[in-house]
Amino acid sequence: MLIIDGDYPMAYGGVDLDRDLTRPIEEVRGATGRRSLIDGWPDEETMASLPEMRKGRIAAALVKIVARIRRPQSTIWGYRTGHGAYAAAQAQLAYYRVLESVGEGRILTTGSQFADHVQEWAAADDTTGLPVGFVLGMEGADPILWPEQVHEWWEAGLRAINLSHYGISTYSHGTGTGTEGGLFPPAKDLLREMETLGVILDITHVSDRSVREALDLFGGPVMASHQNCRAITPGERQQPDDILRQVIARDGVIGHSMDTWMLYRGGVDWANIPSRREVFPREAVTLDDLVDHIDHVSQLAGNARHSAIGGDTDGQGGRDGAPYEIDTVADYQKLAAVLDRRGYSQADIERIMFRNWLRFYEQSLP
């Protein structure tokens with residue numbers, strides 16, 4: 001079965017963590033020698049590479065550009081200036097472009113391109129030589145130095161933006177800051193420019209108040225690329241039912257994250273995230289926990305048209321932060337059997353694995 005991954009910060013691994021993601025996963029995990037200056041997760045925990053995506057029939061992914069400004073009380077790394085964040089984001093954009101130029105990937109900017117790409121994968125018995133589809137998204141809008149600059153990013157192929165990542169951004173409060181803070185003044189202009197262009201608003205990682213304010217201002221397409229349900233797992237990183245219902249009402253999709261901190265029912269303080277293994281053993285969180293969140297959204301919607309995979313692949317720490325059954329992204333295929341055991345029809349399983357993202361991007365990309 002085909003898969004579309006709703007969130008993969010690939011360039012973070014390929015550029016910032018200095019991994020060669022064109023190589024088989026065993027080689028990526030076994031890499032030796034000096035790595036980048038950024039203190040990241042160990043190479044041996046890597047879940048994804050382009051060959052491994054093809055092995056798992058992952059036809060396309062929302063791939064991210066991630067470069068934030070570090071502010072006081074930031075809970076995660078960042079750059080001292082907007083200029084630095086912009087330059088780092090441009091480097092990640094260049095990474096996706098060079099992968100496209102050598103045939104490893106294909107940047108998809110329109111709905112028809114996306115549909116044609118998925119059809120090519122669906123028709124292929126052997127996907128070894130096929131490029132993986134990339135929809136370009138930005139995780140935290142700090143690299144957009146002023147609202148009108150989003151036009152430059154649009155021309156470069158960017159198609160989805162979430163306003164914040166961890167902590168406060170130029171435009172809004174985000175996770176790691178509590179759920180009370182809202183939008184900052186530049187956000188109104190940015191959202192207006194995004195709507196004019198047709199940029200998708202990704203509400204992941206953004207504080208509750210900021211999301212509610214943004215949805216009141218923004219009339220364009222909306223999704224949650226890698227998000228789970230606060231009704232099941234407490235904590236600000238998950239979203240409450242009223243926000244999930246708004247995404248559903250606007251025919252958006254919620255990509256359910258494989259990050260076990262978003263699945264572990266004990267929850268976590270997102271401003272002070274401990275080591276997982278200090279809190280629970282890896283076997284404590286499984287794909288059944290992920291399906292509980294899929295079930296919850298399906299019950300809110302009355303159908304299975306709004307849940308999908310939003311792996312946060314390798315952005316959540318790699319294999320150590322994934323459900324117990326997941327060793328690499330190829331194991332995302334195991335979700336289909338769990339959904340079948342839990343009573344989902346074949347049609348609904350296909351929707352969750354890839355068709356919901358396919359429908360969304362066909363409708364939402366220009």
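Any chance the stretch 265-274 includes a residue that's among the hydrophobic types (A, V, I, L, M, F, W, C) and at pLDDT 95 or above?
Taking every residue of the stretch 265-274 in turn, none turns out to be among the hydrophobic types (A, V, I, L, M, F, W, C) and at pLDDT 95 or above.
Of the residues that sit in the stretch 111-132 and are surrounded by 14 or more Cβ atoms within 10 Å (Cβ to Cβ), of a type outside the set (A, V, I, L, M, F, W, C) and touching a residue at least 12 places away in the same chain (Cβ under 8 Å), which one is farthest from Leu50 (Cα to Cα)?
Per the criteria, the residue is Gly111.
Can you pull out every residue in the stretch 177-196 that is part of a helix (DSSP H, G or I) and either among the charged types (D, E, K, R) or surrounded by fewer than 23 Cβ atoms within 10 Å (Cβ to Cβ) (or both)?
Across the stretch 177-196, the qualifying residues are Pro186, Lys188, Asp189, Arg192, Glu193, Glu195, Thr196.
Surrounded by 23 or more Cβ atoms within 10 Å (Cβ to Cβ), part of a loop (DSSP other than H, G, I, E, B) and not polar (S, T, N, Q) - does that describe any residue in the stretch 227-234?
no
Just the residues that are more than 16 Å from the chain's Cα centre (by Cα), in a strand (DSSP E or B) and crowded, with 19+ Cβ neighbours inside 10 Å, please, taken from the stretch 50-96.
Ile69
Report, by residue number, each residue of the stretch 243-262 that is free of Cβ contacts under 8 Å to residues at least 60 places away in the same chain and over 15 Å from the mean Cα position of the chain (by Cα).
Ile243, Leu244, Arg245, Gln246, Val247, Ile248, Ala249, Arg250
Can you pull out the residues in the stretch 104-114 that are under 16 Å from Ala11 (Cα atoms) and either modelled with pLDDT under 95 or small (Gly, Ala, Ser) (or both)?
Matches in the stretch 104-114: Gly105 only.
List every residue pair whose Cβ atoms lie under 6 Å apart, where the two residues are 6 or more positions apart in sequence or sit on different chains, the first residue falls within the stretch 266-288 and is farther than 30 Å from Arg341 by Cα, and the second residue, located anywhere, is among the aromatic types (Phe, Trp, Tyr) and assigned to a loop (DSSP other than H, G, I, E, B).
none
Pick out the one residue from Leu130, Leu201, Leu99 that is assigned to a helix (DSSP H, G or I) and either within 18 Å of Met10 (Cα to Cα) or in contact with a helix residue (DSSP H, G or I) (Cβ under 8 Å, 6 or more places away or on another chain) (or both).
Exactly one of Leu130, Leu201, Leu99 is assigned to a helix (DSSP H, G or I) and either within 18 Å of Met10 (Cα to Cα) or in contact with a helix residue (DSSP H, G or I) (Cβ under 8 Å, 6 or more places away or on another chain) (or both), namely Leu99.
Anything in the stretch 318-366 that is of a type in the set (Lys, Arg), surrounded by 19 or more Cβ atoms within 10 Å (Cβ to Cβ) and out of contact with any Ser or Thr (no Cβ under 9 Å at 6 or more places or on another chain)? List them, or say none.
Passing the criteria: only Arg355.
Could you look through the stretch 133-176, keep only residues that are of a type in the set (Ser, Thr, Tyr) and assigned to a loop (DSSP other than H, G, I, E, B), and pick out the one that is surrounded by the most Cβ atoms within 10 Å (Cβ to Cβ)?
The qualifying residue surrounded by the most Cβ atoms within 10 Å (Cβ to Cβ) is Ser164.
Checking the conditions here, which among Gly252, Gly235, Gly310, Gly219 is touching a Ser or Thr at 6+ places or on another chain (Cβ under 6 Å) and not aromatic (Phe, Trp, Tyr)?
Only one candidate qualifies: Gly310.
Is it the case that Gly266 is buried (at least 18 other Cβ atoms within 10 Å of the Cβ), part of a loop (DSSP other than H, G, I, E, B) and out of contact with any Lys or Arg (no Cβ under 7 Å at 6 or more places or on another chain)?
For Gly266, the condition - buried (at least 18 other Cβ atoms within 10 Å of the Cβ), part of a loop (DSSP other than H, G, I, E, B) and out of contact with any Lys or Arg (no Cβ under 7 Å at 6 or more places or on another chain) - is not met.
Quick one: in the stretch 246-263, of everything that is more than 21 Å from Thr328 (Cα to Cα) and in contact with a helix residue (DSSP H, G or I) (Cβ under 6 Å, 6 or more places away or on another chain), which residue is surrounded by the fewest Cβ atoms within 10 Å (Cβ to Cβ)?
Filtering first and then ranking leaves Gln246.
Take Ala48 and tell me if it is hydrophobic (A, V, I, L, M, F, W, C) and modelled with pLDDT under 95.
In short, no.
How about the stretch 198-241: which of its residues are within 14 Å of the chain's Cα centre (by Cα) and without any contact (Cβ under 8 Å) to a residue 40 or more places away in the chain?
Val222, Gln238
The values are calculated or read from the model by the stated rules, or taken from the named source; none is laboratory data. All values reported here derive from a predicted model rather than from experimental measurement. All Cβ positions, even for glycine, are placed from backbone atoms using ideal geometry, and neighbour counts span all protein chains on display.
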